[in-house]
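Everything below concerns the one structure shown next.
Readers should treat all values here as calculations from the given coordinates under stated rules, not as data from a laboratory. All values reported here derive from a predicted model rather than from experimental measurement. Quick reminder, even Gly has a Cβ in these numbers, built from the backbone with ideal geometry, and neighbours come from all protein chains shown.
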Amino acid sequence: MIKFGAPTVTLMGGTSTSALGKRESIDLHPVTFDDFKFSEKKGFVYTVARAISSRVNANYDGWPVDEIKQGYKTFIGRPVFVEHNNQDPKRARGVIKDAIYRETKLASGIVDASVYCLMEVDAQSFPKLAKAIMEERLNAVSMGADVAGTTCSACGRYASKPAEYCTHIPALKGRKVVVYKQGKRVESLVWENCHKPNFFELSYVFDPADESAWLLQKKYVQ
């Protein structure tokens, strides 16, 4: 099942991002070029971006901490596109050179996990893209992932394909439903928790797909 980045609705654990300060919600980890292992090449643009975090996004897809931690290395070596124009491999504009995992325990007690990626773009082959990045007109990213399956947050049913979905997914995603848990009537927000993600691309986007998925650093090696 294919999933793409989208704006955050809530952190895994139920805390709305509106309850967090802007720096806490976006700039949790001081990741820089120094955190990655790579060799610079002349004529290339390099960027560092927060690619994904352990949150429930506006597609009502949830990304649990353990799943991100286990799958983050699949980013490495995958292509970089623009605006998810990924149907043709020839549309790739670069490559993800490295990925690192970071987590922080917030004041609320919730663990916020994030993956940071180092991307490389050939500025000589794609000068317009390189210019847009360096001029900060293109300053955000959005990931693409294939997941082995998802679990409904309300009833806990696992599905490896749409035919196995419960009655809540996908029709009631983003809505609150009443379910019975341990004999108690409980109101629950419906989303899909994604399992075993295989990240297959990262796209530069003009419109931020996720308010935490911004470019943190950039440089043009001449």
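For segment 139-179, the normalised intensity computed at q = 0.30, 0.32, 0.35 Å⁻¹ comes to -1.08, -1.16, -1.27 (log10 of I(q)/I(0), Debye sum over alpha carbons, equal scatterers, no solvent). For K42, a cut-off of 13 angstrom between C-alpha atoms picks up these aspartates and glutamates, skipping any fewer than 8 places away in its own chain: E120, D122. Measuring nothing but alpha carbons in the chain and taking Rh as the Kirkwood radius, the Rg to Rh ratio lands at 1.00. Working note: Cα atoms of segment 37-169, range along each principal axis, descending, whole Å: 52, 38, 25. If you average the alpha carbon positions of segment 181-206 and of segment 58-105, how far apart do those two centres end up, in angstrom? Here the two parts' Cα centres lie 16 Å apart. Annotation for S108 and D34: the two label points, set 7 Å from Cα along the Cα-Cβ direction, are 3.2 nm apart. Here's the list of lysines a cross-link from K37 could span, going by alpha-carbon distance under 17 Å and ignoring same-chain residues fewer than 8 apart: K73, K97, K218, K219. Computed across segment 28-104, the Kirkwood radius stands at 14.5 Å (inverse of mean 1/r, all Cα pairs). Based on alpha-carbon atoms, the Kirkwood radius and the radius of gyration of segment 136-222 give Rg/Rh equal to 1.15.
Per residue, the average separation of C-alpha pairs within less than 8 Å and at least 6 apart gives the chain a relative contact order of 32 percent. Helical content of the chain, expressed as a calculated mean residue ellipticity at 222 nm, amounts to -2000 deg cm²/dmol (DSSP H runs of 4 or more residues, -39,500 (n - 2.57) each, divided by residue number, nearest 500). Taking every alpha-carbon pair under 8 Å whose residues sit at least 6 apart, segment 72-127 reaches a relative contact order of 33 percent.
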